[in-house]
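Please read the structure below before turning to the comments.
The values are calculated or read from the model by the stated rules, or taken from the named source; none is laboratory data. Bear in mind the structure is a predicted one, so any value in this text is a computation, not a measurement. As a convention, Cβ positions derive from the backbone with ideal geometry for all residues, glycine included, and neighbour counts pool all protein chains shown.
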Amino acid sequence: MIDIQCLGSSSAGNAYRITDGHTALLLEAGFPYKQLQRALNFRLQDIDGCLITHEHLDHSKAAPDLMRAGINIYCSQGTADARQLAGHRLKIIKALQPVTIGTWSILPFDIQHDVEEPLGFLLTNTAGDKLVFLTDTYYCRYRFAGLTHIMVECNYSLDIVNQRVAAGQLHPAQKKRLLRSHFGLEHVKGFLKANDISRVEEIWLLHLSDGNSDAERFKREIQEITGKMVMVAKR
């Protein structure tokens, strides 16, 4: 059984604690260290490792401090170089090369984003749970069988974005960057249809935009097409 705790999910910062009851991991570290400490009730010693998808500060801000606190950071070489991370607590991982942390087997995979070397993660534990973590991308070319948990970015809906552009609330250049860097509602629906979700217990919608999303609508529409429990990560 996987327990997922959202510590924050927005452009202001992203971090999630996941555990199978044996090994606890952080996915992302996009808050100041002291804020992360408080969110974890000052129990950082329980964290067995932190996976970081890419170098943007809303995903990696606390990485240097976590390493100083004795927590291993797992990220790509591109992310490490962009954030100037170094030291024995830095563990470089590569797409499609598995790594084990406690009871978790983690398969990083390449994604598309406007950064050096971004990654998504497929996490499988010894109990047979399987979680995919996908954020800050506009495309995922991989398919996953036997998933039990899905954590996927649902940043915007194209109709909301177009309405805001037409109203002069969003610059067309911002729209262009958004469409080339983030997963929207339409992407999520396509991703769910393309993958085996027969065993899925929970779907988490992550990183909703402040102005380009509608949490209640997104939750309702994903529930309707999947019949699964849908959670919207707190911002």
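Quick rundown of the values:
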item: Helices (runs of 4 or more DSSP H) contained entirely in the range 25-75, each with at least 1 residues that are crowded, with 19+ Cβ neighbours inside 10 Å and under 13 Å from the mean Cα position of the chain (by Cα); result: 57-60
item: Qualifying strands (runs of 3 or more DSSP E) (wholly inside the range 98-196; at least 3 residues being among the β-branched types (Val, Ile, Thr)); result: 99-101
item: Options Lys234, Lys189, Lys219; residue that is farther than 10 Å from Tyr156 by Cα and in contact with a Cys (Cβ under 6 Å, 6 or more places away or on another chain); result: Lys234
item: Residues that are among the hydroxyl-bearing types (Ser, Thr, Tyr) and touching a residue at least 24 places away in the same chain (Cβ under 8 Å), drawn from the range 67-110; result: Tyr74, Ser76, Thr79, Thr103
item: Search result, residues across the range 192-210 that are surrounded by fewer than 12 Cβ atoms within 10 Å (Cβ to Cβ) and either touching a Pro at 6+ places or on another chain (Cβ under 9 Å) or of a type in the set (Gly, Ala, Ser) (or both); result: Ser198
item: Answer residue from the range 12-24, given it is touching a Leu at 6+ places or on another chain (Cβ under 7 Å) and of a type in the set (A, V, I, L, M, F, W, C) and is surrounded by the fewest Cβ atoms within 10 Å (Cβ to Cβ) among those; result: Ile18
item: Every residue from the range 131-159 that is without any contact (Cβ under 8 Å) to a residue 60 or more places away in the chain, under 21 Å from Cys6 (Cβ atoms) and hydroxyl-bearing (Ser, Thr, Tyr); result: Thr137, Tyr156
item: Selected residue [closer than 23 Å to His149 by Cα, out of contact with any helix residue (DSSP H, G or I) (no Cβ under 6 Å at 6 or more places or on another chain), modelled with pLDDT under 95 and not acidic (Asp, Glu)] from Ser105, Ser10; result: Ser10
item: Some residue of the range 176-184 being over 18 Å from Thr137 (Cβ atoms) and either surrounded by 13 or more Cβ atoms within 10 Å (Cβ to Cβ) or touching a helix residue (DSSP H, G or I) at 6+ places or on another chain (Cβ under 8 Å) (or both); result: no
